[in-house]
Each structure stands twice: as structure tokens, then as C-alpha cells.
Amino acid sequence: MATIILASASPRRSELLQQIGVTFSVQPAHVDETPRPGELPEHYVERLARDKALAVAATSPGALVLGSDTSVVLDGVILGKPGSPGDAVETLLRLSGATHQVMTAVALAEDNRCASRVVTTEVTFRPLSKAEIEAYAASGEPMDKAGSYGIQGLGGIFVSKLQGSYSAVVGLPLLETAALLADAGHPVWENWPNSLESRT
């Protein structure tokens, strides 16, 4: 059975992989995340996911390495992680009452081979008051998250509609991740008996 490595320090991605019974180790990748001039958001997230997976695979021969990247996109513009609570407030004011896209790419690398998929989910926020935006920013939750919110946390109360993959918005599209692992000869259901035993 191949070793699986998650090339991400995100606790949310680890939790999602654990949810489907995957046994893995964590080895964060360090790559340049600067967008290229004129690069489309979907191309950007896919490139980063592939770069992360391949960077770790280069030091882990024979391992299956999962890389992922998520961007929140409004009107074609990538909204990154906030640098301050003020940045989070500004971003959330833009998202208030609007529909945006969450684009998440997942890549699976083995040595110098890499396959990847991109998932786009439409997320609509209800209109938000300035007071609740400021209270949310003060909670600290937005600070390490693309688009300044976490749908799996307090930010979930802002979402009035979602079309697509919830797990992709959290940070890792489970359907596509399982498909990539299956294509690589490692279907996740093979580990389910052991996974169920570890939870009892």
C-alpha cells in the first residue's frame, strides 16, 4: 500500500481526509504563491495545487502526495487571506449580499507524474450588517482563511445558498480527491474497515 502524504498544514484538509478514512502523514509544501500576470483564478489554484504536490513528491519517492489550494473569487478577482481585521471587514463588506465563487484544486502526484482537478462552487451571502462583520472579524476566525471566512465555523451563518461542493469550500473536494486516489490504485474504501475500528 502506497504512503499518502498531505502537502498542507491546513487542519481543515486533514480533518476532511480523516473523515473518509484515509491514513496519511502531513508534510507542508513551500511554494511561491504569487499569481502570474493575467493568470485566471482557476488556472492559479490548479497550478498551486500541482506545485505543492510535486514539490513534496520530489523528496518522497513512490509516495502519493496530495496538494490543494483554494481561492475565493468575486467578479473575477481573487480575494486572498486578510492581513488584518480591517482587511477582513473590507472583504466581508464586498461579499455581503453577493454571490462569489470558491475555486479549489486538488492534485495527486507520484514522483514526477501529477493529475489534478478544479472544483468551482457558487456561494451566496445574505446581506450582512456592519456590526456583525466587525464582530466576526474580532473573533479572529477570518484571519487564516481565503475570502476572510470559514464556512465550517462561525462564518457559516452568513451563507444563504450554496451550489456545488461543500467540502471544496472547506478546503478539499472529497469526491474528486477520492477519484484521484482510486485512479492511482488506492481506493479509499479499502481502508474503511480499519478506519471504522479506530473510531469505536
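The values are calculated or read from the model by the stated rules, or taken from the named source; none is laboratory data. The structure presented is a predicted model; accordingly, all values stated were derived computationally and were not measured. Neighbour counts run over all protein chains shown; Cβ positions are idealised from the backbone, glycine included. Accessible surface areas use protein heavy atoms only, side chains included; no ligands, DNA or RNA. Shrake-Rupley method; radii C 1.70, N 1.55, O 1.52, S 1.80 Å.
Quick look at the numbers
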read-out	value
So A29, is it assigned to a loop (DSSP other than H, G, I, E, B), crowded, with 19+ Cβ neighbours inside 10 Å, at negative phi and in contact (Cβ under 8 Å) with a residue 12 or more places away in the chain	yes
Matching entry among A146, A105 (being modelled with pLDDT under 95 and touching a Ser or Thr at 6+ places or on another chain (Cβ under 9 Å))	A146
Selection from the range 100-117 of residues that are part of a strand (DSSP E or B) and open to solvent by 60 Å² or more (accessible area, probe 1.4 Å)	R113, R117
Residues of the range 118-138 classified as of a type outside the set (A, V, I, L, M) and open to solvent by less than 60 Å² (accessible area, probe 1.4 Å), total	6
Test: residue in the range 179-196 that is part of a strand (DSSP E or B) and either over 29 Å from I20 (Cα atoms) or touching a helix residue (DSSP H, G or I) at 6+ places or on another chain (Cβ under 9 Å) (or both)	no
Pairs where the first residue, in the range 88-101, is touching a residue at least 12 places away in the same chain (Cβ under 8 Å) and over 13 Å from Y136 (Cβ atoms) and the second is open to solvent by 20 Å² or more (accessible area, probe 1.4 Å) and of a type in the set (S, T, N, Q), C-beta under 7 Å, 6+ apart	T99/T124; Q101/T120
Which numbered condition L95 fails, given (1) closer than 19 Å to S10 by Cβ; (2) crowded, with 20+ Cβ neighbours inside 10 Å	(1)
So L180, is it crowded, with 17+ Cβ neighbours inside 10 Å, modelled with pLDDT of 95 or more and within 19 Å of P11 (Cα to Cα)	no
Lone unmet requirement of (1) assigned to a loop (DSSP other than H, G, I, E, B); (2) within 14 Å of L172 (Cβ to Cβ); (3) of a type outside the set (K, R) for P82	(2)
Residue list for the range 139-153, filter: on the phi > 0 side of the Ramachandran plot and either of a type in the set (D, E, K, R) or open to solvent by 10 Å² or more (accessible area, probe 1.4 Å) (or both)	G140
Test: residue in the range 154-166 that is under 20 Å from E42 (Cα atoms), open to solvent by 30 Å² or more (accessible area, probe 1.4 Å), in contact with a Ser or Thr (Cβ under 8 Å, 6 or more places away or on another chain) and part of a helix (DSSP H, G or I)	yes
From P41, P11, P61, P37, residue being surrounded by fewer than 21 Cβ atoms within 10 Å (Cβ to Cβ) and within 20 Å of G185 (Cα to Cα)	P61
Residue among L54, L6 that is open to solvent by less than 40 Å² (accessible area, probe 1.4 Å) and closer than 20 Å to V118 by Cα	L6
